[in-house]
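**Student:** Got a structure for you, written out below as structure tokens; questions coming shortly.
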Ligand code: ATP
């Protein structure tokens, strides 16, 4: 089982900024969904809340529920959420810039036995040949696309069941964006992962998800299949900037 349910979630920053005003969404086992919407809609806040990574002094869940595989996860810290099988790749490509690719991977694998660590690292190097080629390079010297692949590799080393990826296409060329989407789709199919993709690039997301939630100003303003979203002129024009 690998499902996540969010029910009427309200998150407040600094006691006054209501970043999520009652958001509900779900992703079932093996399903791929996208959270779409403009800057500031609350997508990253939702990702952080799911992952147990709201900024400690700034942000808190005011109301509502996050349920991961039937277990309430509202107030769990990130490590506990990870134990439930949810791994989030946050916005901004948070790798260790002064560590090599191999060291970054090793840092992500701390919970695994040496044997399992080797198996998954071999798999990563097969899936991402470019990461293998650059394995002795420092993370900071990788291109944006390579950093995104490295982050996916690091995520695989946590053996996720639910993978949440925040804005993987940010700053990437259309060709690399397509490549990242293809890899995410492959991972979901091969491993039966549940994928929650957060994107401002709606067109890229439509290529690999079944359902979408469109957010604006802390609310879900549209929920439906990728086809329904694309057929809805208002959604496309007003919320997705003519994607
Ligand atoms: P982006 O794509 O720019 O990340 P987003 O849809 O992910 O946009 P959030 O980053 O979740 O949106 O931001 C939602 C709202 O919460 C915005 O109004 C933002 O200014 C506010 N916000 C986010 N983080 C904080 C914080 N640490 N303190 C105060 N306000 C915050």
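The values are calculated or read from the model by the stated rules, or taken from the named source; none is laboratory data. It should be emphasised that the depicted structure is a prediction, and the values quoted were computed from it without experimental measurement. With ideal geometry, Cβ positions are generated from the backbone for all residues, glycine too; neighbour counts draw on all protein chains shown.
**Student:** Could you check the stretch 126-139 and list, in sequence order, the residues that are surrounded by fewer than 19 Cβ atoms within 10 Å (Cβ to Cβ) and within 21 Å of the chain's Cα centre (by Cα)?
**Tutor:** Of everything in the stretch 126-139, just one residue is surrounded by fewer than 19 Cβ atoms within 10 Å (Cβ to Cβ) and within 21 Å of the chain's Cα centre (by Cα), namely 127.
**Student:** Restricting attention to the stretch 1-38, report how many residues are near the ligand (Cβ under 9 Å from one of its atoms), at positive phi and more than 15 Å from the chain's Cα centre (by Cα).
**Tutor:** Residues meeting the conditions: 1.
**Student:** I'm trying to understand the selection: among the residues of the stretch 207-225, which are modelled with pLDDT of 95 or more and either farther than 26 Å from residue 64 by Cβ or assigned to a helix (DSSP H, G or I) (or both)?
**Tutor:** Listed by number, the list holds a single entry, 208.
**Student:** Considering only the stretch 150-168, I want to know if a residue exists there that is without any contact (Cβ under 8 Å) to a residue 60 or more places away in the chain, part of a loop (DSSP other than H, G, I, E, B), in contact with a helix residue (DSSP H, G or I) (Cβ under 6 Å, 6 or more places away or on another chain) and surrounded by fewer than 21 Cβ atoms within 10 Å (Cβ to Cβ).
**Tutor:** Within the stretch 150-168 (the criterion being without any contact (Cβ under 8 Å) to a residue 60 or more places away in the chain, part of a loop (DSSP other than H, G, I, E, B), in contact with a helix residue (DSSP H, G or I) (Cβ under 6 Å, 6 or more places away or on another chain) and surrounded by fewer than 21 Cβ atoms within 10 Å (Cβ to Cβ)), the answer is no, since none of the residues qualifies.
**Student:** Next question, about the same structure. In the set 114, 77, which member is modelled with pLDDT under 95 and over 19 Å from the mean Cα position of the chain (by Cα)?
**Tutor:** 114 is the lone residue from the list that is modelled with pLDDT under 95 and over 19 Å from the mean Cα position of the chain (by Cα).
**Student:** Return yes or no: is residue 74 more than 15 Å from the ligand (Cβ to nearest atom) and assigned to a loop (DSSP other than H, G, I, E, B)?
**Tutor:** yes
**Student:** Give me the pairs: first residue in the stretch 33-51 and under 16 Å from residue 72 (Cα atoms) and free of Cβ contacts under 8 Å to residues at least 60 places away in the same chain, second residue more than 6 Å from the ligand (Cβ to nearest atom) and part of a loop (DSSP other than H, G, I, E, B), beta-carbon distance under 8 Å, and six or more apart or on different chains, which are they?
**Tutor:** Listed by first residue and then by second, the contacts come to 48/54; 48/90.
**Student:** Hey, does the stretch 131-139 have a residue that's in contact (Cβ under 8 Å) with a residue 24 or more places away in the chain and under 17 Å from residue 26 (Cα atoms)?
**Tutor:** No: zero hits.
**Student:** Right, next: Using the structure shown, decide if residue 52 is buried (at least 20 other Cβ atoms within 10 Å of the Cβ), at pLDDT below 95 and within 19 Å of residue 155 (Cα to Cα).
**Tutor:** Spelling it out, residue 52 is indeed buried (at least 20 other Cβ atoms within 10 Å of the Cβ), at pLDDT below 95 and within 19 Å of residue 155 (Cα to Cα).
A quick yes/no check of all residues on (1) out of contact with any strand residue (DSSP E or B) (no Cβ under 9 Å at 6 or more places or on another chain); (2) surrounded by 19 or more Cβ atoms within 10 Å (Cβ to Cβ); (3) within 22 Å of residue 23 (Cα to Cα):
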{"site": "182", "(1), (2), (3)": "yes, no, no"}
{"site": "188", "(1), (2), (3)": "no, yes, no"}
{"site": "196", "(1), (2), (3)": "no, yes, yes"}
{"site": "205", "(1), (2), (3)": "no, yes, yes"}
{"site": "208", "(1), (2), (3)": "no, yes, no"}
{"site": "217", "(1), (2), (3)": "no, no, yes"}
{"site": "225", "(1), (2), (3)": "no, no, yes"}
{"site": "228", "(1), (2), (3)": "no, no, yes"}
